[in-house]
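Note sheet for the following structure.
The values are calculated or read from the model by the stated rules, or taken from the named source; none is laboratory data. As the structure is a prediction and not an experimental result, all values here were calculated from the model. Cβ coordinates were reconstructed from backbone atoms using ideal geometry, including for glycine residues, and neighbour counts include every protein chain displayed.
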Amino acid sequence: MTVESLNRQRVLHLLDTFARGDLDAALACCTDDVDFLTHAPIDVLPHLVPRHGKAELRKLWQTVLSRYSEIRHEPAHIVVEGDRVATYLRTFFRKRTNARIVQVDMAVFYTLRDGLVSEIREIIDSYDLVQQVLEREIGPLIVGAPVEG
């Protein structure tokens with residue numbers, strides 16, 4: 001088995017354990033100094049601030065799991081070069097409050113060190129994500145138009 005195929009399986013295992021809600025197993029896939037960064041509006045989604053270390057990443061993941069009863073990832077593309085894994089994911093989150101599904105496409109880039117994930121970088125369509133989380137059109141808010149409803 002090549003390093004690339006091992007690293008691909010390691011990232012898929014991380015995604016699977018997180019989606020199942022097994023935070024201990026998910027964090028076991030990461031280095032103690034794991035670094036997380038996503039490009040999302042933290043004024044609307046404050047739990048998505050940059051995180052460093054397993055304790056901070058656990059807090060983030062606990063927040064996500066407290067808001068969503070089900071998480072599912074569909075990896076559309078995975079490209080591996082040595083210790084770097086790039087994924088294009090379609091991810092589905094079922095809201096605990098009303099069972100609505102939030103569907104998000106994201107690019108997630110992982111760096112591994114000694115077989116563990118040491119860096120996670122996410123790029124999300126945050127406009128679409130915010131609309132789904134808030135369950136309302138945000139275009140009028142951005143352009144200063146009156147909001148109906």
Cβ-Cβ distance below 8 Å, separation of 6 or more or different chains: which pairs start in region 6-22 with a residue that is touching a residue at least 60 places away in the same chain (Cβ under 8 Å) and farther than 17 Å from residue 94 by Cβ and end on one that is small (Gly, Ala, Ser) and part of a helix (DSSP H, G or I)? 14/26
Restricting attention to region 43-64, which residues are surrounded by 13 or more Cβ atoms within 10 Å (Cβ to Cβ), modelled with pLDDT under 95 and either touching a Gly at 6+ places or on another chain (Cβ under 6 Å) or not in a helix (DSSP H, G or I) (or both)? 44, 45, 49
Can you find even one residue in region 39-53 that is among the basic types (Lys, Arg) and within 14 Å of the chain's Cα centre (by Cα)? yes
Cβ contacts < 8 Å: first residue within 14 Å of residue 118 (Cβ to Cβ) and touching a residue at least 24 places away in the same chain (Cβ under 8 Å), restricted to region 35-54; second residue assigned to a helix (DSSP H, G or I) and not aromatic (Phe, Trp, Tyr), any location; separation 6+ or different chain. Result? 36/56; 36/57; 36/60; 54/27
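Per-residue answers, yes or no, for (1) polar (S, T, N, Q); (2) without any contact (Cβ under 8 Å) to a residue 12 or more places away in the chain; (3) surrounded by 15 or more Cβ atoms within 10 Å (Cβ to Cβ):
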| position | (1), (2), (3) |
| --- | --- |
| 82 | no, no, no |
| 85 | no, no, yes |
| 95 | no, no, yes |
| 103 | yes, no, no |
| 108 | no, no, yes |
| 111 | yes, no, yes |
| 115 | no, no, no |
| 118 | yes, no, yes |
So residue 89, is it part of a strand (DSSP E or B) and crowded, with 16+ Cβ neighbours inside 10 Å: yes
Among the residues of region 53-74, which ones are charged (D, E, K, R) and under 15 Å from residue 22 (Cβ atoms)? 54, 58, 70, 72
Total residues in region 11-30, condition surrounded by fewer than 18 Cβ atoms within 10 Å (Cβ to Cβ) and closer than 14 Å to residue 83 by Cβ: 0
